[in-house]
Amino acid sequence: MTMLKKWIGHGCLWVLGWRVERLAPVPKRCIMIGHPHTSNWDFPIFIFAIWALDIPVCFLGKKSLFDSPFGWLFYALGGLPVDRSGGKNTVQSVAELFDGRDSLVLGLSPAGTRKASPHWRSGFYHMALTAGVPLVCASLDYKARRGVVLGTVSLTGEVGEDMDRLRALYAPVDGRN
């Protein structure tokens, strides 16, 4: 199945005029952030890119998506349902997902939305710290039409400084909108 996914990923990206690059290795256990996330097109292009690069990325989705008629598709694409009702702590829930797993690459958007936002949400940061896993930076650059794994960032616990380093890493990347 892996070779079929790689072939489909490369083929779809080629048809769309995209290419992919891996500038750094991806650890077996990590949180991978994808920025910018400005369009509904980001998700399918991201899926094709991770298939082409053979990176087994999972993603979080609200539980109701997985209870829908298309729930099977979200599971098949690597989705993990998250129940955000009743004030549940998502950061702790994600840290528990990493417990007892030898490998889990969890893909998240640092902005937490597709809308224009001058500030990132910090949940991904706290998830990585709480789970004790590295943060891998990936991007979809629409101007260059390339998906790229930029590298791994070690978090220090100094949120402001670490976020400034992350934003600087993504400064030259252009989203769709």
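The values are calculated or read from the model by the stated rules, or taken from the named source; none is laboratory data. Fair warning: this is a prediction, and the values are worked out from it, not measured in the lab. Every residue, glycine as well, gets a Cβ built from its backbone with ideal geometry; the counts of neighbours run over all protein chains shown. For accessibility, only protein heavy atoms count, side chains too; no ligands or nucleic acids. Shrake-Rupley method; radii C 1.70, N 1.55, O 1.52, S 1.80 Å.
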Would you confirm whether or not the range 10-17 contains a residue that is more than 23 Å from A95 (Cα to Cα), within 14 Å of the chain's Cα centre (by Cα) and open to solvent by less than 60 Å² (accessible area, probe 1.4 Å)? no
Does P27 qualify as being touching a strand residue (DSSP E or B) at 6+ places or on another chain (Cβ under 9 Å), open to solvent by 90 Å² or more (accessible area, probe 1.4 Å) and of a type outside the set (D, E, K, R)? no
Conditions (1) open to solvent by 70 Å² or more (accessible area, probe 1.4 Å); (2) modelled with pLDDT under 85: number failed by F70: (2)
All positions within the range 130-156 that are modelled with pLDDT of 90 or more and exposed (fewer than 15 other Cβ atoms within 10 Å of the Cβ): G132
Would the range 10-17 turn up any residue that is within 20 Å of A138 (Cβ to Cβ), in contact with a Phe, Trp or Tyr (Cβ under 6 Å, 6 or more places away or on another chain) and part of a helix (DSSP H, G or I)? yes
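Can you confirm whether T90 is touching an Asp or Glu at 6+ places or on another chain (Cβ under 8 Å) and of a type in the set (S, T, N, Q)?
Numbers: touching an Asp or Glu at 6+ places or on another chain (Cβ under 8 Å): no; of a type in the set (S, T, N, Q): yes.
No, not satisfied.
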Given (1) more than 18 Å from H126 (Cα to Cα); (2) under 14 Å from the mean Cα position of the chain (by Cα); (3) small (G, A, S), where does G34 come up short, assuming only one miss? (1)
Read through the list (1) without any contact (Cβ under 8 Å) to a residue 12 or more places away in the chain; (2) surrounded by 16 or more Cβ atoms within 10 Å (Cβ to Cβ); (3) not acidic (D, E), then give the number of the only condition that A49 fails. (1)
What single numbered condition from (1) under 15 Å from A138 (Cα atoms); (2) acidic (D, E); (3) open to solvent by less than 70 Å² (accessible area, probe 1.4 Å) fails to hold for D54? (3)
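Conditions (1) at pLDDT 90 or above; (2) open to solvent by 40 Å² or more (accessible area, probe 1.4 Å); (3) closer than 25 Å to K5 by Cα, marked per residue:
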site: H37; (1), (2), (3): no, yes, yes
site: K63; (1), (2), (3): no, yes, no
site: G78; (1), (2), (3): no, no, yes
site: G86; (1), (2), (3): no, yes, no
site: N89; (1), (2), (3): no, yes, no
site: A95; (1), (2), (3): no, no, no
site: P110; (1), (2), (3): no, no, no
site: G123; (1), (2), (3): no, no, no
Residues (of a type in the set (A, V, I, L, M) and touching a helix residue (DSSP H, G or I) at 6+ places or on another chain (Cβ under 9 Å)) located in the range 45-80: I45, I47, A49, I50, A52, L53, I55, V57, L60, L65, L77, L80
